[in-house]
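Working notes, beginning with the structure itself.
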Amino acid sequence: MERARPPSGNAIVALRGVGKTFGSGVVALDGFDLTVQPGEFVTLLGPSGCGKSTALRIVAGLTDATAGTVDWRQADAVAADRARHIGFVFQEPTLMPWATVAANVSLPLNLRGVDTVAAAPAVGAMLARVGLAEFANTYPRELSGGMKMRTSIARALVTEPKLLLMDEPFAALDEITRFKLNHDLLSLWRSLGKTVVFVTHSVFESVYLSSRIVVMTPRPGRVLTELAIDAPYPRDARFRTSADYAGYCRLVSDALADAVQAGEGR
Amino acid sequence: MSESRQPASNLLDRERTDRILRIVLPIAVLALGVVLWDLVVRLYSIPPFVLPGPGLVFATLFSDWAVLSDSLLVTLSTTLQGFLMALIGGVGLAVLFNQWRLLEYSLYPYAVILQVTPVVAIAPLLLIYLPQQAAVLACAWIVAFFPVLANTTLGLNSVDRNLTDLFRLYGASRTQVLWRLKLPAALPYILGGLKIAGGLSLIGAVVAEIAAGSAGAGSGLAYRIAESGYRLNIPRMFAALLLLSLAGVVIFFALSALSYLLLRKWHESAVARDR
């Protein structure tokens, strides 16, 4: 895979013509393009099997593309620095069960050579941000699903990454918790000035959160269409029940239906 | 009191009764067994060199305490050394295998062969080539190390894939992955292996002592049993056997306690359930 010119403008990362074929011969991505601008909240939306998680893992460097290029902004181009600039939230909370909440959040800093004492202020601040200050010394098994996910988000943010990648983080949560976390994620995003690439298969979640939605077709995954959600932030519960929201949801649902159809037609 | 509280308190009562029964019943069975044993010996006037009564066995335990306690110490120290070597050897080898796959491919089959060959058959050979104490120790190690190796290997390979990815994302070194991820994740498995290894190292020590017994230079409890057998000192055989069983039970409980202490904060096996 060649790493050539930096992406156009001041985009953080640009994927051009990215393809991924697994050893089993399954083509997960084919000719996938994505440019992420600073400050965006981009959502990859598509039916399962459309390669959206694979695209996210390629951006994170957890798996290599088998075709195309991934270009980073010059400043972030050094692979060794990548970890500094990326936070990743998995589908499951992915916490170490043997470590307390604080120790889990502290992990990325520890791995970088910052000892626990030196990391404590940053860890404490981030736990307070996600509303878990009182649970610093609790073990993950004692937490609810929503609190585990908050811990996971705090861990992803503790290194102050520019880019936050989230792979269907709220898919396993109940709707009430999910709404709450959607809301809290938006305020974190706004107050910390991060760039987020979010993966989901929920139309409603994608419209509520995103500034831009990339709708993907399955098998092989590629971009069907992109939709800008121009509704102003901050968005709150009122936005969820507004006519605007319903309109966007219809638009996105139609696009998603097209994507599913495109996948079946193939 | 409202009716809805009734079942809850019933449940608590039942739990408490259950816990008491778990302790009381085995003791009752033991008492019954001892009484029956005593009755049989008395009623049929069985001579002590055929079957000593429980009273005589206990008396022997005290009268021969000087000899027996020395032997107990010897066996316990062999067992402990064999166990520690199994711990170091088993965990160490599993970690090496995990880090260098070629080493695993080369050596794992021989670890299995060592395990499946009955130690009783190996012991006489070892006694030819090694000094007796070393041979006994080697036997204890051979039988005890494999469960530690197998369990640790399983544990090291059972790490959450996403956590592995997370460590990779943050550029963790191999050492960091080993110490901060793989070994903690493997800890419950390692402790499970150790629980088996504790009992097995005692068995290994006993087997080797018995095998060495005919050579006549031993001093462990198993040797004491063999020796007492030759001398038809059946009460002492029983007393030594009793001590061996007790040692096994103590080892088991000590390892269970260790496992509980290390895992009680986070592992499902050791955490009390809330109701």
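Of all residues in the stretch A:47-75, which are more than 14 Å from every other protein chain (Cβ to nearest Cβ) and basic (Lys, Arg)? Of everything in the stretch A:47-75, those that are more than 14 Å from every other protein chain (Cβ to nearest Cβ) and basic (Lys, Arg) turn out to be A:Lys52, A:Arg73.
From the set of residues in the stretch B:150-167 that are assigned to a helix (DSSP H, G or I) and among the hydrophobic types (A, V, I, L, M, F, W, C), which is farthest from the other protein chains (Cβ to nearest Cβ)? Only one residue tops the list, namely B:Ala150. The single condition among (1) out of contact with any Leu (no Cβ under 8 Å at 6 or more places or on another chain); (2) under 25 Å from A:Leu62 (Cα atoms); (3) within 14 Å of chain B (Cβ to nearest Cβ) that A:Arg141 does not meet is (2). For B:Pro147, the conditions (1) within 25 Å of the chain's Cα centre (by Cα); (2) surrounded by 20 or more Cβ atoms within 10 Å (Cβ to Cβ); (3) within 14 Å of chain A (Cβ to nearest Cβ) are fulfilled apart from (3). The residue that is nearest to the chain's Cα centre (by Cα), among those in the stretch B:59-79 that are surrounded by fewer than 20 Cβ atoms within 10 Å (Cβ to Cβ), in a helix (DSSP H, G or I) and touching a residue at least 24 places away in the same chain (Cβ under 8 Å), is B:Leu76.
Number of residues in the stretch A:21-45 that are in contact with a helix residue (DSSP H, G or I) (Cβ under 9 Å, 6 or more places away or on another chain), touching a residue at least 24 places away in the same chain (Cβ under 8 Å) and more than 27 Å from A:Arg73 (Cα to Cα) equals 0.
Taking A:Asp184 as the residue in question, decide whether it is over 20 Å from the mean Cα position of the chain (by Cα), modelled with pLDDT of 90 or more, at negative phi and acidic (Asp, Glu). When the stated conditions are applied, A:Asp184 does not pass them. The residues of the stretch B:168-186 that are more than 7 Å from every other protein chain (Cβ to nearest Cβ) and assigned to a helix (DSSP H, G or I), listed by number, are B:Arg174, B:Thr175, B:Val177, B:Leu178, B:Trp179, B:Arg180, B:Leu181, B:Lys182, B:Leu183, B:Ala185, B:Ala186. Given B:Ala186, B:Ala111, which one is closer than 28 Å to B:Ser77 by Cβ, assigned by TED's automatic domain parsing to the domain that holds B:Gly248 and under 22 Å from the mean Cα position of the chain (by Cα)? Checking each option against the conditions leaves just B:Ala111.
On the given criteria, is B:Gly199 more than 14 Å from chain A (Cβ to nearest Cβ), modelled with pLDDT under 90, surrounded by fewer than 21 Cβ atoms within 10 Å (Cβ to Cβ) and in a helix (DSSP H, G or I)? It is false that B:Gly199 is more than 14 Å from chain A (Cβ to nearest Cβ), modelled with pLDDT under 90, surrounded by fewer than 21 Cβ atoms within 10 Å (Cβ to Cβ) and in a helix (DSSP H, G or I).
One line per residue, one yes/no per condition, for (1) of a type in the set (Gly, Ala, Ser); (2) in a loop (DSSP other than H, G, I, E, B); (3) within 21 Å of the chain's Cα centre (by Cα); (4) modelled with pLDDT of 90 or more:
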| residue | (1), (2), (3), (4) |
| --- | --- |
| A:Ile213 | no, no, yes, yes |
| A:Met216 | no, no, yes, yes |
| A:Leu224 | no, no, yes, no |
| A:Asp230 | no, yes, yes, no |
| A:Pro234 | no, yes, yes, no |
| A:Arg238 | no, no, no, no |
| A:Asp244 | no, no, no, no |
| A:Leu251 | no, no, no, yes |
| A:Asp254 | no, no, no, yes |
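So, A:Ser106, is that one of a type in the set (Ser, Thr, Tyr) and more than 25 Å from A:Gly61 (Cα to Cα) or not? So A:Ser106 fails the test. When A:Leu34 is tested against (1) modelled with pLDDT of 90 or more; (2) more than 13 Å from the chain's Cα centre (by Cα); (3) within 14 Å of another protein chain (Cβ to nearest Cβ), exactly one condition is not met: (3). Consider the stretch B:232-262 and keep the residues that are more than 19 Å from the chain's Cα centre (by Cα) and part of a helix (DSSP H, G or I). The one that is surrounded by the most Cβ atoms within 10 Å (Cβ to Cβ) is B:Ala239. One residue stands out in the stretch A:106-145 among those that are among the basic types (Lys, Arg) and surrounded by fewer than 19 Cβ atoms within 10 Å (Cβ to Cβ): the one that is farthest from A:Leu95 (Cα to Cα), namely A:Arg112.
The values are calculated or read from the model by the stated rules, or taken from the named source; none is laboratory data. What you are looking at is a predicted structure, and each value in this text was computed from that prediction instead of being measured. As a convention, Cβ positions derive from the backbone with ideal geometry for all residues, glycine included, and neighbour counts pool all protein chains shown.
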